[in-house]
1. When segment 150-188 is examined, which residues are found to be at pLDDT 65 or above, in contact with a helix residue (DSSP H, G or I) (Cβ under 7 Å, 6 or more places away or on another chain) and not polar (S, T, N, Q)?
2. In segment 365-382, which residue that is more than 45 Å from the chain's Cα centre (by Cα) and surrounded by 15 or more Cβ atoms within 10 Å (Cβ to Cβ) is nearest to K422 (Cα to Cα)?
3. Could you list, in sequence order, all residues of segment 382-414 that are touching a strand residue (DSSP E or B) at 6+ places or on another chain (Cβ under 7 Å) and more than 26 Å from V46 (Cβ to Cβ)?
4. Please enumerate the residues belonging to segment 22-44 that are at pLDDT 85 or above and outside any loop (DSSP other than H, G, I, E, B).
5. May I ask you to list pairs of residues, at least six apart or on different chains, whose Cβ atoms are under 6 Å apart, with the first in segment 407-420 being free of Cβ contacts under 8 Å to residues at least 40 places away in the same chain and the second being part of a loop (DSSP other than H, G, I, E, B) and among the β-branched types (V, I, T)?
6. Residues that are over 30 Å from S229 (Cα atoms): find the strands (runs of 3 or more DSSP E) completely inside segment 302-421 holding 2 or more of those.
Amino acid sequence: MTKRGTVSAGTFVSSLLVVGLSGCGGGGGSGIAKAPVGYGAVTEIVEAPATVTPKAQITVDASAAGSVAQLMVADGQHVDAGQPLLRIDSPEAKAQLDAAKAADAQAASQSKNTSGGTTVVDFTRSQSLADSNAKKAFDAAQATADQIADPEVKASILSRIASARSDYSTASSDVRNTINNFNKGIASVGDVLGSLGDAQRTQTQAAVAIAQKTVDALTVKASISGTVSLRSGVGGGGPSGVDVSSLLSQLGGNLGSLAGSAGSLGAAAVGGSSGSSGAGNDTVIAQGSPVASGAPLLVLTDSSNLTLTAQVDETSILKVAPGVTASVQLDAVPDAPVPRAGMSAVADLKVADKQHVLSVPAAAVVHDGDQDIVWLVTSGVAHRHVVRLGAQGDTVVEVAAGLNSGDVIVTAGADKVHDGQKL
């Protein structure tokens, strides 16, 4: 690869020049020249800025706030998928798990103690309201989980929410059947409250499952094989201003059971709400370093297969098609034997390579509004003549329509010519 200077965007100089344009004459010292139109080769290049991209790149975030208890890798080290990278000590995550388990145990106890001393209520209306509130909370929780950056954490949380939604739907159906039996006089108030307790417990069990997964995630493992780039461990927090914990707490309040367990469910989903801004911190994590919930810990990059992503200008995009060949230049390190992920580059896409086509010097074409014109010389007089261009090189362009071989045109100084001028 060779280094080159900056060039203007658009077409690129062709290495094959048109033939049959010799014999220029006329114009004297005015800078105006003319020649007959002939056939030649035209190569059109679309230049596009590009970036070297790896096969995969994943940012690993902290599942909870705490500190680095053990760092098992170094910056720049290659690791295999499944390999432990670091372990976080998070009293907060462990406390959330304990709270979720306690809330689940309380819900289980309440579902067993449902007889005696109960005021008669409209169970059907209460359950309809609970179902409506549950749907709103589940929908809001899912919308917030959709914003989680880490793909594995996101997939896991969405799976847990979907499972909890399904379990709640099943339990709610059982509640409605029990309520119908109660209204028919074939079920007791205790039966109804027992069904309600079971429906409530689907939420506390989901909270325990997600809180447990958060604790398990404190031992961070590589999801792909690649090279480690350590990060600062600050600047985290939830992915948006909405906290899943508050959403599921509302659901819990409406069902009358979640208490503190919804908080652990939500905090696990977004990694909690603690953390500092940390923007611009150039330090990297080390053993003992504090980490914020949701903060980037490290980046894994799999460079086993590099590709080039080019940004083609919208004015040229329709010229580019699958199969177009390209040459690539890495200006920063021209002679690099192996490109590295993240390097900037320039891609020259050969969108046209035509041989023996009617062609003229690019300097012969004048752009007039939305028309391309040349000065056609007949009987020594220049006339404005509209043409349609095909492939466009930097110095030579194809004439797709409007001229014939042998027509004489102005090839230099076209901007100095006017219609009817004698040459």
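The values are calculated or read from the model by the stated rules, or taken from the named source; none is laboratory data. Quick caveat, the model's predicted, so the values are computed rather than measured. When we count neighbours, we look across all protein chains shown, and the Cβ atoms used for this are built from the backbone with ideal geometry, even at glycine.
1. Within segment 150-188, K154, I157, L158, R160, I161, A164, R165, D167, Y168, A171, D174, R176 meet the criteria.
2. A382
3. Across segment 382-414, the qualifying residues are A382, H383, R384, H385, S405, G406, D407, V408, I409, V410, A412, G413.
4. Correct list: A33, K34, A35, P36, G38, Y39, G40, A41, V42, T43, E44.
5. Within 6 Å, no pair qualifies.
6. Here the list reads 325-329, 344-361, 366-368, 371-378, 381-392, 396-401, 408-412.
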